[in-house]
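Notes follow once the structure below has been shown.
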Amino acid sequence: MKKRKFLPGVLFLIVGIGTMVFAFGGMYWFGNGGVFSENSSITLNASSLSELETVPSTGVIVDAKTNTVEFTGSKIIIPIIASPENGPMYSFGIYGLVNPTIVVRRSTEVRLLFVNGDNDMYHGVVVTAGAPPYPYMGMMMFDSPAFGNSFVPPLPPESSGKYTGASAIFDASQAGSFYYICQVPGHAADGMYGRFLVEN
Ligand SMILES: [Cu+2]
């Protein structure tokens, strides 16, 4: 009697653990492949794309001299445009600066609001501990977000005036020096990256 009651419980547990392992494995393997992202993608037109470059009156300090954008809030939005109008093809634009150093406080809830501004190439972004120089292919590095969900998988280029965007939310739980880079092969190697500093 005992055994018969016990067995279904054990099977249930094994199936449950198996499902979890499969799910996490999937997140790992397809992490940057487009299967998992925090929010489904959105489309913007050119004017809403340029509105992303409007600096908010509080919480953001843009310093063109040091090419730094500092975020002082505890819950922030970082609008990142891939291949911005004023920058090289392989670059990110944030509030009009090209590949600026991003500075946030530790334990900040970060939302990367990423939009592909390019008209002929996929781009994405991942916040990683991996430092430059970047190889052409760097799957291990590119598939290793520093903070759980700190990436947006590559999004398609602009088409008929529509720009694709998506966001990712994560907790900048650890102080240190990180980088935000494009995970499309060759792009980070060609300069599509910037520093991401988490300060105590
Ligand atoms: Cu790219």
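The values are calculated or read from the model by the stated rules, or taken from the named source; none is laboratory data. Worth saying up front: this structure is predicted, and the values here are computed from it rather than measured. FYI the Cβ positions are ideal-geometry reconstructions off the backbone, even for glycines, and counts take in every protein chain you see.
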**Message:** With at pLDDT 95 or above, surrounded by fewer than 23 Cβ atoms within 10 Å (Cβ to Cβ), within 15 Å of the chain's Cα centre (by Cα) and in a strand (DSSP E or B) as the only criterion, which of GLU70, GLU109 stands out?
**Reply:** GLU109
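Residues of segment 155-173 being farther than 23 Å from SER107 by Cα, in a strand (DSSP E or B), among the small types (Gly, Ala, Ser) and more than 16 Å from the ligand (Cβ to nearest atom), which ones?
If we filter segment 155-173 for residues that are farther than 23 Å from SER107 by Cα, which is where we start, we get 155-165.
Adding the requirement that they be in a strand (DSSP E or B) leaves 155, 159, 162-165.
Subsequent filtering for residues that are among the small types (Gly, Ala, Ser) retains 159, 165.
Across segment 155-173, the qualifying residue is only SER159.
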**Fill in**
Filtering segment 92-106 down to residues that are within 16 Å of the ligand (Cβ to nearest atom), closer than 19 Å to THR54 by Cβ and either among the aromatic types (Phe, Trp, Tyr) or crowded, with 17+ Cβ neighbours inside 10 Å (or both) yields PHE92, GLY93, ILE94
**Complete:** Note on segment 174-200: residues assigned to a loop (DSSP other than H, G, I, E, B), within 13 Å of the ligand (Cβ to nearest atom) and either buried (at least 24 other Cβ atoms within 10 Å of the Cβ) or on the phi < 0 side of the Ramachandran plot (or both) are CYS182, GLN183, VAL184, PRO185, HIS187, ALA188, ALA189, ASP190, MET192
